[in-house]
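Data first, discussion second: the structure below is written as structure tokens.
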Amino acid sequence: MRGTVRTRIRVARLRRLLVGLLALVTAATATACSATDEQPRIVVTTNILGDITRQVVGDQAEVTVLMKPDADPHSFGLSAVQAAQLERADLVVFNGLGLEENVLRHVDAAREAGVATFEVGRAVDPLTFHSGDDGGPEGESGRPDPHFWTDPDRVRTAAGLIADRVSEHVTGVDHDAIRANAAEYDEQLADLTAFMEKSFDRVPEDRRNLVTNHHVFGYLADRFGFRVIGAVIPSGTTLASPSSSDLRSLTRAMERAGVRTVFADSSRPKRLAEVLSTELGDGVRVVELYSESLTAENEGAATYLQMMRANTTALTDGLTVGSPKGTHS
């Protein structure tokens, strides 16, 4: 009897040991699976590039966009958490060419830490700002213009290059899925170009003149045959401000070209209208555009395609209507 009891005790202990070992193996397997199933991370600086990257990547990676809707890419900054996200990314996609002025040092730090980075603006044959006599920012002549997204053909190039960089630098993605996403998005961008060409064909030659709040539509003008007369802020960045002589020069240029319509970022039309009304008097028409940021959902420009179609319609209508009756703000 005593031997039988001892045997039962040993069996019970062995059973408990086996159960414990099984639990450890199960936990280790779950941890390994969790690590394997964790998606690769792509961090994008601006929300316009963020949308383009998401269209290409689909569900193949987690895409984090640092810039919030309706923010200014020239002035937005990062929290400590966002800066850390850059250094933990598998790939950082950024506009570059000086656009994200408060963020580029964090991108540099991520690159120095070994993170793969892709400067999209430099890879799409960037234009340079022209001299002030040509309607461009006087102090920035010869500098690359970072606002390439106003040309949908350059965005087609950018999307294809982003797909290449994701396939090259991000492990764990399905390369065929990435290529399929990029091809589908390329068709949508081609449709956008066709829509813009057809719309802008309605604008008479003598009305193809653009005045904007700052120099942001140079690529659109170059691609679709417009003339940039000038900008209220004579700079490629919103961080500059116009002087009284700048405004006098602009109003003279507008009067020579017979321009009474100004295209302004949708977040600042009232202030701009007041400035121009002081200089030009009544009759200045301010038409709102989405220039450097997407909006939140259901606010008019939540995606790049929505933004460009809305801008195309606003530009076409703004340049084909009759003489303005008053100031819009």
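The values are calculated or read from the model by the stated rules, or taken from the named source; none is laboratory data. Computed from a prediction, not measured in an experiment: that's the story for all the values here. Heads up: the accessible areas ignore ligands, DNA and RNA and are worked out on the full protein's heavy atoms, side chains in. Shrake-Rupley method; radii C 1.70, N 1.55, O 1.52, S 1.80 Å.
Some points to look at:
- For Glu101, the accessible surface of its heavy atoms amounts to roughly 80 Å² (probe 1.4 Å, protein chains only, rounded to the nearest 10).
- Carbon/sulfur fraction of accessible area - segment 56-110, other protein chains in place, 1.4 Å, %: 46
- Shown are Ile229, Ile42, whose ranking by accessible area with a 1.4 Å probe and every protein chain present, most to least, is Ile229, Ile42.
- Scanning residues 5 or more positions from Val44 or on other chains, those with amide H under 5 Å from its amide H are Thr64, Val65, Leu66, Val93, with H placed 1.01 Å from N in the peptide plane.
- Å² per residue, accessible surface of segment 58-127 at 1.4 Å: 43
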